[in-house]
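Colleague: Supplied in structure tokens, the structure appears directly below.
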Amino acid sequence: MVNIAPISTRFAPSPTGCLHLGHAFAAWTAHDRARAAGGRFLLRMEDIDQTRCRPAFEAGIIEDLTWLGITWDGPVRRQSEHFADYRSALDRLTELGVIYPCFCTRAEIAAEVAASPGAPQGPAGPLYPGTCRGLDAGQRAFRLAEGRDHALRLDIGKALALVGRPLSWHDEKAGEQPARPEILGDVVLARKETPTSYHLAVTVDDALQGITLVTRAIDLFPATHVHRLLQALLGLPVPAYAHHGLVIGEDGIRLAKRDKALTLAAMRATGQTPLELRRRLGLPAC
Ligand code: GLU
């Protein structure tokens, strides 16, 4: 008999503001997929940036999701409670020799990019020019001994060479995707004040939580290339992906946390119902 494991999906908001209609769409998408298949739906707070995350926003998220009629399985996973998991992953990447300390400030990177007109561009702007990748062991040791602040970056070239085979991942809409993590350059995997990064934490957590289908907005499509590389380096399972469209406001621009009128709390306060929101988002009544 074929054993078809039930799917596991998740909604992974950052508690840095109030949820809006776009988040409702993302949450319902993941929730409905899991529930329709008798699978698991998990909730994860992506609160690694402790300077921007607030307990009040997390409480607001719980309240909003409850109002929407969304229930999740098991306890909420808070990334801020799992820095040790990301540290282990960083240690493994260090052992593999695919990360390096980067001492550049943002201003230094901007100046270097401005001075080199042909600098490579990524989907969201110029890529890190690789300045600190070229430091030799002595220069690195000297700066570290001086106690200089640094980030840890993934050396994409070395990482791809180490993996040594083409990688791919499956997106439900776009089909089989050859992984091209180089489009994002040498991404940051940890900073002094935040000892992990979105890319690292999300990849580790999706594996630890047994997520089999990652549903998330299309603006994170480029990030999936990097996540696929991290999965290969860390020996993690590869989930399927379904990147969905962004919810656009009446002004034709994607919604953002700063759009106060379209927060779920504001909609609730003006008497709108979850069913009306589902209709507006083109989701079937449940
Ligand atoms: N925390 C991310 C966000 O709020 C979502 C991460 C993901 O789904 O991979 O946009």
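The values are calculated or read from the model by the stated rules, or taken from the named source; none is laboratory data. What you are looking at is a predicted structure, and each value in this text was computed from that prediction instead of being measured. Counting neighbours? That spans all protein chains shown, and the Cβs are built from the backbone with ideal geometry, glycine included. Surface areas here come from the heavy atoms of the whole protein model, side chains and all, with no ligands, DNA or RNA. Shrake-Rupley method; radii C 1.70, N 1.55, O 1.52, S 1.80 Å.
Colleague: Which value, in debye to the nearest 20, describes the size of the charge dipole of segment 13-62 about its Cα centre when Lys and Arg Cβ atoms bear +1, Asp and Glu Cβ atoms bear -1, and nothing else is charged?
Modeller: Numbers: 6 positive and 5 negative charges, 34 e Å.
Computed about the Cα centre, the dipole is about 160 debye.
Colleague: From the P(r) of segment 92-138, could you give the percentage of C-alpha pairs in the tail past 17 Å?
Modeller: 44 percent
Colleague: Taking a spot 7 Å from the Cα of Leu144 along the direction of its beta carbon, which residues of segment 101-134 have an amide N less than 12 Å from it?
Modeller: Zone members listed by number: 101-102.
Colleague: Follow-up. Full extension from Arg52 to Leu208: what is 0.36 nm times the residue separation minus their Cα-Cα distance, to one decimal in nm? Could the numbers behind the result be given before it?
Modeller: Values: separation 156, 0.36 × 156 = 56.16 nm, distance 2.48 nm.
Taking Arg52 through Leu208 to full extension adds about 53.7 nm, to one decimal.
Colleague: I would also like to ask the following. Rounding to the nearest 10 and keeping the result within 0 to 90°, find how far the Cα-based axis of helix 21-36 lies from the longest principal axis of the chain.
Modeller: 80 degrees
Colleague: Between Arg35 and Ala269, what is the FRET efficiency for a Förster distance of 45 Å, r being their Cβ-Cβ separation, to the nearest 0.05? Don't skip to the answer; put the middle values down first.
Modeller: On the way: r = 27 Å, r/R0 = 0.61.
So the FRET efficiency works out to roughly 0.95.
Colleague: What FRET efficiency, computed as 1/(1 + (r/R0)^6) with R0 = 25 Å and r the Cβ-Cβ distance, is obtained for Lys173 and Glu63, rounded to the nearest 0.05?
Modeller: Result of the calculation: an efficiency of 0.20.
Colleague: Let me ask you something else. Give me D for segment 191-255 in µm² s⁻¹, whole number, from Stokes-Einstein with Rh from the Kirkwood sum over alpha-carbon pairs, 4 °C and 1.567 mPa s. List each step's numbers first, then the result.
Modeller: Working: Rh = 13.2 Å.
So the translational diffusion coefficient is about 98 µm²/s.
Colleague: How about the chain: what cysteines have no other cysteine beta carbon under 4.7 Å from their own?
Modeller: For the chain, the answer is Cys18, Cys53, Cys104, Cys286, because their Cβ atoms have no other cysteine Cβ under 4.7 Å.
Colleague: Sticking with this one: Compare Gln121, Gln79, Gln139 in a GNM of the chain, Cα atoms joined below 10 Å, and give the one with the largest fluctuation.
Modeller: It is Gln139.
Colleague: Sorted from largest down, give the three principal axis spans of the alpha carbons of segment 1-73, whole angstrom values.
Modeller: Each principal axis gives a Cα extent; for segment 1-73 these are 51, 24, 18 Å.
Colleague: Still on this structure, I have one more. What do the square roots of 5 times the Cα gyration tensor eigenvalues come to for segment 162-215, in whole Å, largest first, as semi-axes of the equivalent ellipsoid?
Modeller: They are 22, 17, 11 Å, listed from largest to smallest.
Colleague: Still on this model: Need the C-alpha centroid separation for segment 165-231 versus segment 100-117, integer Å.
Modeller: 24 Å
Colleague: When the chain is modelled as a GNM with alpha-carbon springs shorter than 10 Å, which of Leu65, Leu154, Leu162 fluctuates the most?
Modeller: Leu162
Colleague: Would you list the P(r) distribution for segment 3-143, with all Cα-Cα distances sorted into 10 Å bins from 0 and each bin expressed as a whole %?
Modeller: All Cα pairs, binned at 10 Å, distribute as 10, 25, 25, 24, 14, 2 percent.
Colleague: OK, next. Using alpha carbons only, what's the Rg to Rh ratio of segment 222-286 with Rh from Kirkwood?
Modeller: 1.15
Colleague: Write down the percent of antiparallel bridges among all DSSP beta bridges whose residues are both part of the chain, to the nearest 5.
Modeller: Details: 14 of 26 bridges.
Roughly 55 percent of the beta bridges in the chain run antiparallel, per DSSP.
Colleague: With the chain treated as a Gaussian network of Cα nodes joined by springs under 10 Å, which of Arg106, Arg92, Arg153 yields the largest mean-square fluctuation?
Modeller: Per the Cα network of the chain with a 10 Å cutoff, Arg106 tops the list.
Colleague: Report, for segment 148-272, the % of DSSP beta bridges that are antiparallel, rounded to 5.
Modeller: Beta bridges within segment 148-272, antiparallel portion: roughly 55 percent.
Colleague: Between Ser116 and Lys158, how high is the FRET efficiency from 1/(1 + (r/R0)^6) when r is the Cβ-Cβ distance and R₀ = 22 Å? Nearest 0.05.
Modeller: Here the calculated transfer efficiency is 0.50.
Colleague: How far apart, in nm, are two points set 7 Å out from the Cα along the Cα-to-Cβ line at Glu108 and at Arg254?
Modeller: According to this spin-label approximation, the distance is 3.1 nm.
Colleague: Under a Cβ-only charge scheme (Lys and Arg +1, Asp and Glu -1), can you give me the dipole magnitude of the chain about the Cα centre, in debye to the nearest 20?
Modeller: In total the dipole reaches around 240 debye.
Colleague: Under the classification rounded if a/c is under 1.5, otherwise prolate if a/b is larger than b/c and oblate if not, where does segment 134-266 fall, given a ≥ b ≥ c as square roots of the Cα gyration tensor eigenvalues?
Modeller: Oblate is the answer for segment 134-266, as a/c is 1.5 or above yet b/c matches or exceeds a/b.
Colleague: A further question follows. What is the chain's relative contact order, in percent, from Cα pairs under 8 angstrom and six or more apart in sequence?
Modeller: This gives 22 percent for the chain.
Colleague: Carbon and sulfur together cover what percent of the accessible area of the chain at a 1.4 Å probe radius?
Modeller: Answer for the chain: carbon and sulfur cover 58 percent of the accessible area.
Colleague: How much length, in nm to one decimal, is gained on full extension between His244 and Leu135, taken as 0.36 nm per residue of separation minus their Cα-Cα distance?
Modeller: 35.2 nm
Colleague: Return one number: the angle in degrees, 0 to 90 and rounded to the nearest 10, between the long axis of the Cα atoms of helix 55-68 and the longest principal axis of the Cα atoms of the chain.
Modeller: 40 degrees
Colleague: Can you list, bin by bin at 5 Å, the percent of alpha carbon pairs in the chain, starting at 0?
Modeller: Going from the shortest bin to the longest, the percentages are 1, 5, 11, 14, 17, 16, 14, 10, 6, 4, 2, 1, 0.
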